[in-house]
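A short worksheet on the structure shown next.
FYI, it's all coordinate maths here, none of it is from the lab. This structure is a prediction, so every number in the text was calculated from the model and none was measured. With ideal geometry, Cβ positions are generated from the backbone for all residues, glycine too; neighbour counts draw on all protein chains shown.
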Amino acid sequence: MKHLVRRERENEFYPSTLSNFFNENFVASYKPRMNLIETDGNYKVEVEAPGIKKENINILFEDDVLTISGEKMTGIKEENSRYHINEISFGKFSRSFELPNHIDNEKITAKWNDGILNIEIPKSAKAKPKKIEIN
């Protein structure tokens, strides 16, 4: 039986200036926080994605792998401005989870509510063990 396995793909990184006080550059990446929950009847994925438009998120279930990808766009930067603090992450992301093969992929649903993406992945009935008699 497959166990739940998390697969992460490399995030793309974008340079951003942290502070002109320190004359220092750093690389910001964006990785939304997620919960993956299993109940008796389904799996639930909750993705914390404030500031992302739902049109910029893609969900694909293929070969027992759920992939959630998208992009959080950067804010508008003003000309001739200096950032003294720049802590808001942005960029492309992709997260993948391999799920057991007893998923009812026709009934997967996704809902968007106040910056939280909720995905429900129903389990299908597993074949029960059966003893085979020899004739």
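Between Glu46 and Ala125, the C-beta separation translates, for a Förster distance of 30 Å, into a calculated FRET efficiency of about 0.75. If you look for lysine pairs in segment 30-98 that are eight or more places apart or on different chains, how many of them have Cα atoms under 13 Å apart? Qualifying lysine pairs in segment 30-98: 6.
In this structure, the amide hydrogen of Asn42, modeled 1.01 Å from its nitrogen in the peptide plane, lies closer than 5 angstrom to those of Lys123, counting only residues at least 5 positions away or on a different chain. In a fully extended conformation the segment linking Thr39 and Glu79 would gain 9.4 nm over its present Cα-Cα distance, using 0.36 nm per residue.
Couplings for segment 49-56, taken from phi via the Karplus curve 6.51 cos²θ - 1.76 cosθ + 1.60 with θ = phi - 60°, read 9, x, x, 9, 7, 4, 5, 9 Hz in order; Gly and Pro are left as x. Highest-first packing order for the peptide set 92-103, 112-123, 35-46 is 92-103, 112-123, 35-46, based on the mean count of other beta carbon atoms within 10 Å. With a Förster radius of 22 Å applied to the beta-carbon distance between Thr109 and Thr67, the computed FRET efficiency rounds to 0.85.
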